[in-house]
Structure formats: C-alpha cells, structure tokens
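The values are calculated or read from the model by the stated rules, or taken from the named source; none is laboratory data. Note that the structure is predicted; figures quoted are calculated from it, not measured. So basically every Cβ, Gly included, is an ideal-geometry build from the backbone, and we count neighbours across all protein chains shown.
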Amino acid sequence: MAQEIERRFLVGSNAWQALVSRSEPLVQGYLSQGREGFTVRVRLGSSQAWLTLKAPTADPIVRHEFEYPLPLGEAQSLLALTPWRLEKTRHHLELDGGDWVVDVFEGANAPLLIAEVELAQADAPLAIPSWCGEEITGRGEFSNAALAVQPYQAA
C-alpha cells in the first residue's frame, strides 16, 4: 500500500532560503474531507496536476497516500468544483536526510511557513535544521486540508 512518511515543522528563520534548488507555485483544492482524516485533493502546479487520496494510519507521521497524474484541463475543472482551496509556493531544498521542502503559504494563510521532510521509513534518524521551529507533525490544524477550511489568519 502506498504511504507517505513525513515530519513537519514551523519555520523559525530565513536560513532555509540558501538551500532552495527549485520553486513551484501550487493551488490545492479539496473535494472531500472526512472526520477521520480521509481527504481527496486536486493539486495544480505550473505544468503538472495530480489527484491525491490520503488516509491516516495509527502512526501520526505515516499516511496512506495514492497520487495520480491528471491532465491540466481536467485538474482545472475539478479545482473549480472544490469548496476549499489554498495557494502556496513550494521550495525544494538541497538538504541531506530526506526530501525537504518549505511551503510558503499565500492569501489568508500568509505568513505561514511550514517545512516538511519525507522519509524512507518512520524511524529514520533525522537531523533537524536549526531554522526549523516547533514540530507540528500530527497536529491536524496545520494540515493543508484544515488550512483550506480554517485559514491561519482566522485562527
């Protein structure tokens, strides 16, 4: 079964900016959000789009994740149907220890910055960079799905 193993942190300084290898604007819309954490998301980048289904597991850093590429036109049509959306710029980092990104949220979620690292296994050792602040892994109010419904500025 496909899984996403991820830890998340609030960002405490701009030191991460020197590590950026590439950046991409993203728009995410949520077609469905269940009380138990099951979500159906449409993500639209500048040249790619995906439909993603996520479901929780007993471990807060591991989720079931199924992701499928979508034609851009279909993604735009689905995005128009979503009741909840958010926009962010994702910055991919050159950093050891996993696949690191920093998401810079826009609109009602600005000035929120969240660092995420995808790991190969849940118990993988991790050196947390000094620019990472509080760990928010498993905190539902900081999930993208929750931020689409209840933006950071409204909290």
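Odds and ends about this structure:
- Tally of residues being assigned to a helix (DSSP H, G or I) and among the hydrophobic types (A, V, I, L, M, F, W, C) across region 124-148: 5
- Among residues of region 1-16, those that are surrounded by 12 or more Cβ atoms within 10 Å (Cβ to Cβ) and either of a type in the set (S, T, N, Q) or part of a loop (DSSP other than H, G, I, E, B) (or both), counted: 3
- The set of residues from region 81-113 being in a loop (DSSP other than H, G, I, E, B) and either of a type outside the set (S, T, N, Q) or modelled with pLDDT under 95 (or both) comprises P83, E94, L95, D96, G97, G98, E106, A110, P111, L112.
- Residue check, A127 of a type in the set (A, V, I, L, M), surrounded by fewer than 17 Cβ atoms within 10 Å (Cβ to Cβ) and touching an Asp or Glu at 6+ places or on another chain (Cβ under 8 Å): yes
- Test: E116 is closer than 16 Å to G12 by Cβ, of a type outside the set (A, V, I, L, M), outside any loop (DSSP other than H, G, I, E, B) and in contact with a Lys or Arg (Cβ under 6 Å, 6 or more places away or on another chain): yes
- Being part of a loop (DSSP other than H, G, I, E, B) and farther than 21 Å from G138 by Cα holds for only one residue in S47, S77, and it is S47.
- Every test in (1) free of Cβ contacts under 8 Å to residues at least 40 places away in the same chain; (2) surrounded by fewer than 16 Cβ atoms within 10 Å (Cβ to Cβ) is passed by V104 save one, and that test is (2).
- Qualifying residue in region 28-43 (condition: basic (K, R), over 18 Å from G138 (Cα atoms), under 17 Å from the mean Cα position of the chain (by Cα) and surrounded by fewer than 14 Cβ atoms within 10 Å (Cβ to Cβ)): no
- Within region 130-142, considering residues that are touching a strand residue (DSSP E or B) at 6+ places or on another chain (Cβ under 7 Å) and surrounded by 13 or more Cβ atoms within 10 Å (Cβ to Cβ), the one nearest to T57 (Cα to Cα): T137
- Meets criteria (under 24 Å from R35 (Cβ atoms), among the aliphatic types (A, V, I, L, M), touching a helix residue (DSSP H, G or I) at 6+ places or on another chain (Cβ under 7 Å) and loosely packed, with under 14 Cβ neighbours inside 10 Å) for A154: yes
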